[in-house]
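Step one of this worksheet: look at the structure below.
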């Protein structure tokens, strides 16, 4: 079995994806479909189905197949029921998670700075690059991308398991694809916050910032590609 360094690696693995889909098929009931193993109501959409580990999955036991890939340790439940099991969204620990997404230079970081509290946890790839390189905000050496992504995944695992004494966690990113965005929000028990801006507004901010001048062509491409890829989240229900 592949050794997983983080929970994020595990949840993206073929082994986990295949097991989740197999359990959804095996546990479906003729004429009723797949029922939540907590509230016993139908689970109507794939993204609403959360495979919950009864023995909590942690970075310490993720490579123990008797925990991570054991069907007897997994319940299939609604997203909302999963939140209740983990006492999220103000129930129990009171730790809230927000996934703040939008185009490059749409104002995501400004929004978080305006709303965060001193002891809140903020996860932003741009800030991680700066923290380990001491370079400017827009200078991101590709040679260090692996290190940055491993740091990001480690922090995501801490947010997912509610590790630490923070009250709110803010995750900042582009996340143009609704499937990736909604899957991450579901796995973290996060509320989505969309920072809306037009492509023209983002480009205008790029052209008016002297610090971005050396990276202007690169950031023009980032902005354009985000708008080409963007898919809005589907309405609930």
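The values are calculated or read from the model by the stated rules, or taken from the named source; none is laboratory data. These numbers come from a predicted model, not from an experiment. Here the Cβ positions follow ideal geometry from the backbone for every residue, glycine too, while neighbour counts run over all protein chains shown.
Observations
- Failed item in (1) in contact with a helix residue (DSSP H, G or I) (Cβ under 6 Å, 6 or more places away or on another chain); (2) modelled with pLDDT of 90 or more, with residue 25 passing the rest: (1)
- Of all residues in the range 185-195, at least one satisfies being surrounded by fewer than 19 Cβ atoms within 10 Å (Cβ to Cβ), in contact (Cβ under 8 Å) with a residue 60 or more places away in the chain and farther than 25 Å from residue 45 by Cβ.
- Of the criteria (1) crowded, with 16+ Cβ neighbours inside 10 Å; (2) in a loop (DSSP other than H, G, I, E, B); (3) not assigned by TED's automatic domain parsing to the domain that holds residue 206, which one residue 39 fails: (1)
- Qualifying residue in the range 151-171 (condition: over 25 Å from residue 56 (Cα atoms), in contact (Cβ under 8 Å) with a residue 24 or more places away in the chain and either over 17 Å from the mean Cα position of the chain (by Cα) or in a helix (DSSP H, G or I) (or both)): no
- Of everything listed in (1) more than 21 Å from residue 188 (Cβ to Cβ); (2) modelled with pLDDT of 90 or more, the single unmet condition for residue 32 is (2).
- Verdict on residue 113 being outside any strand (DSSP E or B), assigned by TED's automatic domain parsing to the domain that holds residue 205 and in contact with a strand residue (DSSP E or B) (Cβ under 8 Å, 6 or more places away or on another chain): no
- Here 12, 45 are screened, and the one residue that is over 18 Å from the mean Cα position of the chain (by Cα) and not assigned by TED's automatic domain parsing to the domain that holds residue 177 is 45.
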